[in-house]
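What follows is a set of notes on a single structure, which appears directly below.
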Amino acid sequence: MNKSSPRRTFKLQYKCIHYTSAWEQRKLEEIVDVCSGRDYKHLSEGDIPVYGTGGYMTSVSEALSYDVDAIGIGRKGTIDRPYKLIAPFWTVDTLFYAIPCNDVDLNFALCLFLNTDWKSKDESTGLPSLSKQAINESEVVVCSAGEQKRIGSFFSRLDALITLHQRKRQKPFDGVEAGGASVPSAEGRAVKQTPAVFVGEMRATASRQSTAAGRPQLQDAVSEADWGSVTARNAPPTAQHRAQRDTLHQRR
């Protein structure tokens, strides 16, 4: 043996096949861009929906966001019930709209908003109030972009399934439990919709609907017609939405 040759050592390395990167703690200002709503009364009537803290209000001719979806969260009044905004839309000055950054999934970001205790961040002594700074400084934990999409997609479909079952248990398109967002019905009147379910409640529901292997069977639970009706719950009354509602009503 040549004593002058260097001694080599080997270090065993282990790698989990299903390894995913660790979750990181971030501030919401790193996740979303919080924008302020504006008054709409100077605008003429049109096809762009206007949203407030309670949901759909009216339709105007211009939009604050034409092609980017966002999350609406109240600045004054109802500050603890964020919901998804589908572009194009306009928001009033009492409703912030938060646009996710490029690498953040919208549905995952909505889960973060729903799982935040916004009432604890109330800065007023009277009417509940939430500032942009309070939103930006809120701390959350996030995962990789790929995992965000899987989590966001799962909870979005589960939320839609829950809403669909709630509708089927009651008279079609009649108001449900108070506290949801107002949405126009086929006749143009306001209808209450339950907001998205909190992450903890959705996980509990998923657990009850799991198979023995622990995999929730949600892929085929909502048909195309039902899915379209559910996901359009915040939309203004258009011909397409009326057709979706009519289809669901005929099937019942």
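The values are calculated or read from the model by the stated rules, or taken from the named source; none is laboratory data. All figures in this text were calculated on a predicted structure; none of them were measured in a lab. Cβ atoms come from the backbone with ideal geometry, glycine included; neighbour counts cover every protein chain shown.
Scanning segment 41-54 for residues that are closer than 25 Å to ASP105 by Cβ and either surrounded by fewer than 20 Cβ atoms within 10 Å (Cβ to Cβ) or at pLDDT below 95 (or both) yields one hit, THR53.
Residue-by-condition table, conditions (1) of a type in the set (A, V, I, L, M, F, W, C); (2) assigned to a helix (DSSP H, G or I):
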residue: ALA87; (1), (2): yes, no
residue: TYR97; (1), (2): no, no
residue: VAL104; (1), (2): yes, no
residue: ASN107; (1), (2): no, yes
residue: SER120; (1), (2): no, yes
residue: GLY126; (1), (2): no, no
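Against the numbered list (1) polar (S, T, N, Q); (2) surrounded by 15 or more Cβ atoms within 10 Å (Cβ to Cβ); (3) touching a residue at least 60 places away in the same chain (Cβ under 8 Å); (4) more than 17 Å from ARG38 (Cβ to Cβ), SER156 comes up short only at (3). If you go through segment 120-130 and keep only what is in contact (Cβ under 8 Å) with a residue 12 or more places away in the chain and either closer than 19 Å to LYS84 by Cα or in contact with a helix residue (DSSP H, G or I) (Cβ under 8 Å, 6 or more places away or on another chain) (or both), you end up with LYS121, PRO128, LEU130. Total residues in segment 39-54 satisfying the condition of being in a strand (DSSP E or B), under 11 Å from THR91 (Cβ atoms) and out of contact with any Pro (no Cβ under 7 Å at 6 or more places or on another chain): the figure is 3. For segment 123-142, a residue qualifies if it is buried (at least 17 other Cβ atoms within 10 Å of the Cβ) and over 12 Å from LEU28 (Cα atoms), and the qualifying residues are PRO128, SER129, LEU130.
Conditions tested, residue by residue: (1) touching an Asp or Glu at 6+ places or on another chain (Cβ under 9 Å); (2) of a type in the set (Val, Ile, Thr); (3) under 19 Å from LEU127 (Cα atoms).
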site: ASP33; (1), (2), (3): no, no, no
site: TYR40; (1), (2), (3): yes, no, no
site: SER44; (1), (2), (3): yes, no, no
site: TYR51; (1), (2), (3): no, no, no
site: VAL60; (1), (2), (3): yes, yes, no
site: ASP67; (1), (2), (3): no, no, no
site: ILE71; (1), (2), (3): no, yes, no
site: GLY74; (1), (2), (3): yes, no, yes
site: THR78; (1), (2), (3): no, yes, yes
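Number of residues in segment 58-78 that are closer than 24 Å to SER156 by Cβ and part of a strand (DSSP E or B) equals 6. You will find that of TRP90, TRP118, the residue that is more than 15 Å from the chain's Cα centre (by Cα), under 17 Å from LYS27 (Cβ atoms), surrounded by 18 or more Cβ atoms within 10 Å (Cβ to Cβ) and not basic (Lys, Arg) is TRP118 and no other.
Checked against (1) under 17 Å from the mean Cα position of the chain (by Cα); (2) buried (at least 18 other Cβ atoms within 10 Å of the Cβ), LEU64 passes all but a single condition, namely (1).
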